[in-house]
1. If you go through the stretch 89-96 one residue at a time, do you hit one that is loosely packed, with under 12 Cβ neighbours inside 10 Å, in contact with a Pro (Cβ under 7 Å, 6 or more places away or on another chain) and at pLDDT 90 or above?
2. Identify, by number, the condition in (1) surrounded by 17 or more Cβ atoms within 10 Å (Cβ to Cβ); (2) farther than 18 Å from residue 65 by Cβ; (3) polar (S, T, N, Q) that residue 115 doesn't meet.
3. Out of 30, 12, 74, I need the residue that is surrounded by 14 or more Cβ atoms within 10 Å (Cβ to Cβ) and part of a helix (DSSP H, G or I). Which one?
4. Just checking, how many residues over the stretch 43-62 are among the hydroxyl-bearing types (Ser, Thr, Tyr) and either more than 20 Å from residue 116 (Cβ to Cβ) or loosely packed, with under 12 Cβ neighbours inside 10 Å (or both)?
5. Using beta carbons and a limit of 6 Å, which pairs, at least six apart or on different chains, have the first residue in the stretch 79-102 and among the acidic types (Asp, Glu) and the second one in a helix (DSSP H, G or I)?
6. Looking only at the stretch 43-69, which residues are of a type in the set (D, E, K, R) and under 27 Å from residue 12 (Cβ atoms)?
7. What number goes with the only condition from (1) without any contact (Cβ under 8 Å) to a residue 24 or more places away in the chain; (2) not in a loop (DSSP other than H, G, I, E, B) that residue 105 does not pass?
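The values are calculated or read from the model by the stated rules, or taken from the named source; none is laboratory data. Bear in mind the structure is a predicted one, so any value in this text is a computation, not a measurement. Every residue, glycine among them, receives a Cβ derived from its backbone with ideal geometry; neighbour counts consider all protein chains shown.
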Amino acid sequence: MAIRNDSVLTDFNATAALRAVEDRVGDDIFVCGEFTPDDFHILYVSDRALEQYDSETDIWVVGDVIHEYMNVDFLERELFNDLYPQVTETNAFVTYTDYAAIVRVLQGEEGFYLSVDPQAPVSEIVNELTAILDQ
């Protein structure tokens, strides 16, 4: 059975963000979470993703490792703003793999993490998440 947790970490409405993505892509979501430079919190893990781990604890361990690298997003945001003079704001990062598209949307020092099927409409998801996080 899928894991669902309430948002506890961010000021933006992470529950509404997850609901918006679910409305758009349904079962194409694998994992969803919220994060800051100091912590992360898993909001959703699909049955399909759960099948790849021996226990829920294993998912949190992997999440902890991933979180260490998500902190780079906050630094890269400034790098992109510096490298491209026409850029005034960098608010999302997307990584495509053969398994999933990994999406991170930032708002200040908070972020929303999402892994979805690589065929999902990622640009539309990022636009919708950005609007929710900006509220």
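1. Narrowing the stretch 89-96 to residues loosely packed, with under 12 Cβ neighbours inside 10 Å: 89, 95-96.
Keeping just the survivors that are in contact with a Pro (Cβ under 7 Å, 6 or more places away or on another chain) gives 96.
Adding the requirement that they be at pLDDT 90 or above leaves 96.
Within the stretch 89-96, one or more residues are loosely packed, with under 12 Cβ neighbours inside 10 Å, in contact with a Pro (Cβ under 7 Å, 6 or more places away or on another chain) and at pLDDT 90 or above.
2. Checking residue 115 against (1) surrounded by 17 or more Cβ atoms within 10 Å (Cβ to Cβ); (2) farther than 18 Å from residue 65 by Cβ; (3) polar (S, T, N, Q), the one that fails is (2).
3. Working: 30 fails: part of a helix (DSSP H, G or I); 12 fails: part of a helix (DSSP H, G or I).
So the residue among 30, 12, 74 that is surrounded by 14 or more Cβ atoms within 10 Å (Cβ to Cβ) and part of a helix (DSSP H, G or I) is 74.
4. At the first step, the residues of the stretch 43-62 found to be among the hydroxyl-bearing types (Ser, Thr, Tyr) are 44, 46, 53, 55, 57.
Narrowing the set further to residues that are either more than 20 Å from residue 116 (Cβ to Cβ) or loosely packed, with under 12 Cβ neighbours inside 10 Å (or both) leaves 55, 57.
Result for the stretch 43-62: 2.
5. From residues that are among the acidic types (Asp, Glu), there are no pairs.
6. First, the residues of the stretch 43-69 that are of a type in the set (D, E, K, R): 47-48, 51, 54, 56, 58, 64, 68.
Within the stretch 43-69, 47, 48, 56, 64, 68 qualify.
7. With (1) without any contact (Cβ under 8 Å) to a residue 24 or more places away in the chain; (2) not in a loop (DSSP other than H, G, I, E, B) applied to residue 105, the lone miss is (1).
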